[in-house]
Amino acid sequence: MESKVTSPDSGRSDSTRDRSTRNRYSGGGSTAAAEKHRTGTKTKGKGLKAFLSPGWFLSAVSIIIFSYAAFTMLAPWQLNKDEDITQRNVQIQEGYDRDVVPYSEVFNEDGSVAPENEWFRVSLTGQYLPDHEALLRLRPVETTPAFQSLTPFQLEDGRVVLINRGFMVSQGTIVPEIDPAPSTPVTIVGLARRNEILPDKQPLEDSGYQQVYGINTDQVGEVTGLELGEDYVQLLEDQPGEVNAMPIPQLDRGSHLSYG
């Protein structure tokens, strides 16, 4: 007699096997969904943690502070700078549109000039004092290393005015050869200029010249041993004693407005 081998599932009904199959598949799906949920939650947690991290927070605060400073402090500063340059250009243009006038009509008795009269053209009659010449050192002229000649000029009434005779290109800190100013009486024409603030660096003596780092008439007066007028005159081209006349500032406002 043949014996029949019955499979484990042979005793089960079709419906039972179907439910078992569905349970196995549905169980796998639930596991995948749960894993996906946990992964998503973990990713969101990392993002939130990064968002709240001190480094990110400090970076955001820094950006906000910089933006605030740019709009509240830097922009007004740039606009004020533009206004100053515009006013200077107006004065330069007005100075050239006016006729040359005697020194005493623009400068006060103490040798000072009113701010609104800077850049006016003035004439002076007298003579240079070349033995009291000083040099302005280490101030480039249009990006070129140069020394500038600062020579006192005595007016006919005895007052002494500082004259910037112009510049001479140099090789670094080596003093170039500068032609001395004439010592005979002459009449010269230049621009009225206002005194500069006292420089931080002290004067020095080198190559036979007293040298300074700024055009401050009090300091130049000390190193030359003369009492100078408060402000000074910048010599124009083709004048007696001119070295290389200082260039006039360009009558435009430059590119700094792009920062404002």
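Taking the condition surrounded by fewer than 18 Cβ atoms within 10 Å (Cβ to Cβ) and over 22 Å from G241 (Cα atoms), does D131 pass? Show your work before the answer.
Numbers: surrounded by fewer than 18 Cβ atoms within 10 Å (Cβ to Cβ): yes; over 22 Å from G241 (Cα atoms): no.
When the stated conditions are applied, D131 does not pass them.
Which condition number does W119 fail, the rest of (1) aromatic (F, W, Y); (2) on the phi < 0 side of the Ramachandran plot; (3) surrounded by 20 or more Cβ atoms within 10 Å (Cβ to Cβ) being met?
Unmet for W119, out of (1) aromatic (F, W, Y); (2) on the phi < 0 side of the Ramachandran plot; (3) surrounded by 20 or more Cβ atoms within 10 Å (Cβ to Cβ): (2).
Looking at A114, A50, A146, which is the one that is modelled with pLDDT of 70 or more and either in contact with a Pro (Cβ under 8 Å, 6 or more places away or on another chain) or surrounded by fewer than 11 Cβ atoms within 10 Å (Cβ to Cβ) (or both)?
Numbers: A114 fails: either in contact with a Pro (Cβ under 8 Å, 6 or more places away or on another chain) or surrounded by fewer than 11 Cβ atoms within 10 Å (Cβ to Cβ) (or both); A50 fails: modelled with pLDDT of 70 or more.
The match here is A146.
Within the range 171-224, can you find the residues that are part of a loop (DSSP other than H, G, I, E, B), of a type in the set (S, T, N, Q) and over 26 Å from the mean Cα position of the chain (by Cα)? Working first, answer last.
Taking the range 171-224 first, the residues part of a loop (DSSP other than H, G, I, E, B) are 172-173, 175-185, 194-203, 207-208, 213-216.
The next check asks that each one be of a type in the set (S, T, N, Q); those that pass are 173, 183-184, 195, 202, 207, 216.
Those that are part of a loop (DSSP other than H, G, I, E, B), of a type in the set (S, T, N, Q) and over 26 Å from the mean Cα position of the chain (by Cα): S183, T184, S207.
Would the range 207-219 turn up any residue that is of a type in the set (F, W, Y), closer than 15 Å to A134 by Cα and either without any contact (Cβ under 8 Å) to a residue 40 or more places away in the chain or surrounded by fewer than 21 Cβ atoms within 10 Å (Cβ to Cβ) (or both)? Show your work before the answer.
The first filter runs over the range 207-219 and keeps only residues of a type in the set (F, W, Y), leaving 209, 213.
Subsequent filtering for residues that are closer than 15 Å to A134 by Cα retains 209, 213.
Still in the list and also either without any contact (Cβ under 8 Å) to a residue 40 or more places away in the chain or surrounded by fewer than 21 Cβ atoms within 10 Å (Cβ to Cβ) (or both): 209, 213.
Yes, some residue in the range 207-219 is of a type in the set (F, W, Y), closer than 15 Å to A134 by Cα and either without any contact (Cβ under 8 Å) to a residue 40 or more places away in the chain or surrounded by fewer than 21 Cβ atoms within 10 Å (Cβ to Cβ) (or both).
Has the range 93-109 got any residue that is surrounded by 15 or more Cβ atoms within 10 Å (Cβ to Cβ), at pLDDT 80 or above, touching a Pro at 6+ places or on another chain (Cβ under 8 Å) and closer than 30 Å to D200 by Cα?
Looking through the range 93-109, none of the residues is surrounded by 15 or more Cβ atoms within 10 Å (Cβ to Cβ), at pLDDT 80 or above, touching a Pro at 6+ places or on another chain (Cβ under 8 Å) and closer than 30 Å to D200 by Cα.
Quickly run through the range 154-195 and pick out the residues that are charged (D, E, K, R) and closer than 20 Å to L124 by Cβ.
Quick first cut of the range 154-195, residues charged (D, E, K, R) only: 156-157, 159, 165, 177, 179, 193-194.
E156, D157, R159, R165, D179, R193, R194 - these are the residues of the range 154-195 that are charged (D, E, K, R) and closer than 20 Å to L124 by Cβ.
Among the listed residues D110, D99, identify the single one that is in contact with an Asp or Glu (Cβ under 6 Å, 6 or more places away or on another chain), farther than 17 Å from E177 by Cα and charged (D, E, K, R).
On the way: D99 fails: in contact with an Asp or Glu (Cβ under 6 Å, 6 or more places away or on another chain).
D110 is the lone residue from the list that is in contact with an Asp or Glu (Cβ under 6 Å, 6 or more places away or on another chain), farther than 17 Å from E177 by Cα and charged (D, E, K, R).
Results for (1) modelled with pLDDT under 60; (2) part of a loop (DSSP other than H, G, I, E, B); (3) under 30 Å from N216 (Cβ atoms), shown as yes or no for each residue.
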site: R38; (1), (2), (3): yes, no, no
site: S59; (1), (2), (3): no, no, no
site: Q91; (1), (2), (3): no, no, yes
site: V122; (1), (2), (3): no, no, yes
site: Q127; (1), (2), (3): no, no, yes
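Looking only at residues that are over 20 Å from A245 (Cβ atoms) and among the hydroxyl-bearing types (S, T, Y) in the range 167-188, which one is surrounded by the fewest Cβ atoms within 10 Å (Cβ to Cβ)? Spell out how you get there, then give the answer.
Applying the first criterion (over 20 Å from A245 (Cβ atoms)) to the range 167-188 yields 171-174, 183-185.
If we keep only those that are among the hydroxyl-bearing types (S, T, Y) too, we end up with 173, 183-184.
Values: T173: 12, S183: 12, T184: 8.
Per the criteria, the residue is T184.
The values are calculated or read from the model by the stated rules, or taken from the named source; none is laboratory data. Computed from a predicted structure; not experimentally measured. Every residue, glycine among them, receives a Cβ derived from its backbone with ideal geometry; neighbour counts consider all protein chains shown.
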